[in-house]
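Visitor: If you scroll down you'll find the structure; I have some questions about it.
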Amino acid sequence: MHRTDKAIGSISVTPNSVIRAELGYVLAYKYWGKGIVRKTVKMVTSVIFTELPNLERIEALVDVDNKGSQRVLEKAGFLKEGVLRKYMVLKGRSRDMVIFSFLATDSHLS
């Protein structure tokens, strides 16, 4: 791949309280399966815990059918906690969401 100034995706971490934040990301389809999001999630997770020392937990919600995004989070060290049934409306339908977390105390923090 060659370097360009064109955005191919985004990642965000939104604090929900002093100790908890939510992670979200999107990536252009053309770049799926290249490890870009996994590497970025790992880097951002490490930086966020350094920059926000009171933060204890980062959460990520993924549609139950989005297996690719679930694999990204698992490979980045997030742990699957469970399924939140009928948690969110996406494209006009109520959807189950899988919740993942990464704790500041997790031994796999790199």
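Visitor: 5 Å is the cut-off here: which amide hydrogens, built 1.01 Å from N in the peptide plane, fall below it relative to Ile8, excluding neighbours closer than 5 in sequence?
Guide: none
Visitor: Of the listed values (i) 14.8; (ii) 24.2; (iii) 16.1, identify the label whose number matches Kirkwood radius over Cα pairs in Å calculated from this model.
Guide: Here Kirkwood radius over Cα pairs in Å agrees with entry (i).
Visitor: R0 = 25 Å: FRET efficiency of Lys80 with Ala7, Cβ-based, nearest 0.05?
Guide: It comes to 0.30.
Visitor: Another question, then. Within segment 3-35, report the chymotrypsin sites (Phe, Trp or Tyr not before Pro) that DSSP leaves as loop and that have at most 16 other Cβ atoms within 10 Å. Walk me through the numbers on the way to the answer.
Guide: Working: sites: Tyr25, Tyr29, Tyr31, Trp32; in loops: Trp32.
Those satisfying the criteria are Trp32.
Visitor: Once phi is turned into ³J(HN,Hα) by the Karplus curve 6.51 cos²θ - 1.76 cosθ + 1.60 with θ = phi - 60°, what whole-Hz value does each residue of segment 99-105 show in order, with x for glycine and proline?
Guide: Listing the rounded values in order: 9, 10, 9, 9, 9, 4, 8 Hz.
Since every read-out is calculated from the coordinates, none of them should be taken as a lab result. Here the structure is a predicted model, which means the values were calculated and not measured. We place every Cβ from the backbone using ideal geometry, glycine too, and count neighbours over all the protein chains shown.
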